[in-house]
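One structure below.
The values are calculated or read from the model by the stated rules, or taken from the named source; none is laboratory data. None of the values given here were measured: they were computed from a predicted structure. Counting neighbours? That spans all protein chains shown, and the Cβs are built from the backbone with ideal geometry, glycine included. Note: accessible area is taken over every heavy atom of the protein model, side chains too, but ligands, DNA and RNA are not part of it. Shrake-Rupley method; radii C 1.70, N 1.55, O 1.52, S 1.80 Å.
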Amino acid sequence: MHTSIAHADLVPPRPTFVPPLHIARAQARQALNEANALDLDTANSFTIASHFGGLCETLREVLDALDAEDTKQDDQPPAVRAEDIAETQRIITTVPSGPWRVEASEHGAPVSVGPICWLETYDGDHQVPVIEFISHAREALPRYMGEVSRLRQRAALLERMNGGARHGR
């Protein structure tokens, strides 16, 4: 029969505050360092239990913070598929090369961007931001696609080097 509190089957209540992951990690490292510095030959059982409780608490905080990070990732749009990359790269190669500069009329209103002319939007307040977006996207999208491809290649290489294991999964 277990009579100590260490053997109780009570489930502690979940906290209402979960620290950010970087804070939880720092607290866990501090608690681990303090526990490692503990002299088990001279420490009494209360001191050992106190450090054990501190380690358990910081471990719980780290796990809660990791769970919160996973939830944030679940709220993100789906990952870019290889087919998406290939289709975007195909489209990029078929349009005229950039940069696509915004051209203004004699009145100062934007009338074209690159090969696109007679630009209008349903709302005049959105016309300039939409045109600037098109101009920016012509140069940025190819760079972003290149970066995605490079990162995917690097991730595949790292997975091969680690025997196919993915961190945290």
If residue 99 meets every condition in (1) touching an Asp or Glu at 6+ places or on another chain (Cβ under 7 Å); (2) assigned to a loop (DSSP other than H, G, I, E, B); (3) at pLDDT below 80 apart from one, which number is that one?
(3)
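Are any residues in segment 35-51 part of a helix (DSSP H, G or I) and either small (Gly, Ala, Ser) or exposed (fewer than 14 other Cβ atoms within 10 Å of the Cβ) (or both), and if so, which ones? Let's see the steps before the verdict.
Taking segment 35-51 first, the residues part of a helix (DSSP H, G or I) are 35-36, 45-51.
Result: 35, 36, 45, 46, 47, 48, 49, 50.
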Find all pairs meeting these conditions: Cβ atoms under 8 angstrom apart; at least six residues apart or on different chains; first residue within segment 17-46 and free of Cβ contacts under 8 Å to residues at least 60 places away in the same chain and among the small types (Gly, Ala, Ser); second residue open to solvent by 60 Å² or more (accessible area, probe 1.4 Å) and not in a loop (DSSP other than H, G, I, E, B).
28/59; 31/57; 35/52
Out of everything in segment 102-111 that is at pLDDT below 80 and assigned to a strand (DSSP E or B), what residue ends up being farthest from the chain's Cα centre (by Cα)?
111
Odd one out for residue 76, checked against (1) open to solvent by 70 Å² or more (accessible area, probe 1.4 Å); (2) modelled with pLDDT under 75; (3) outside any loop (DSSP other than H, G, I, E, B):
(3)
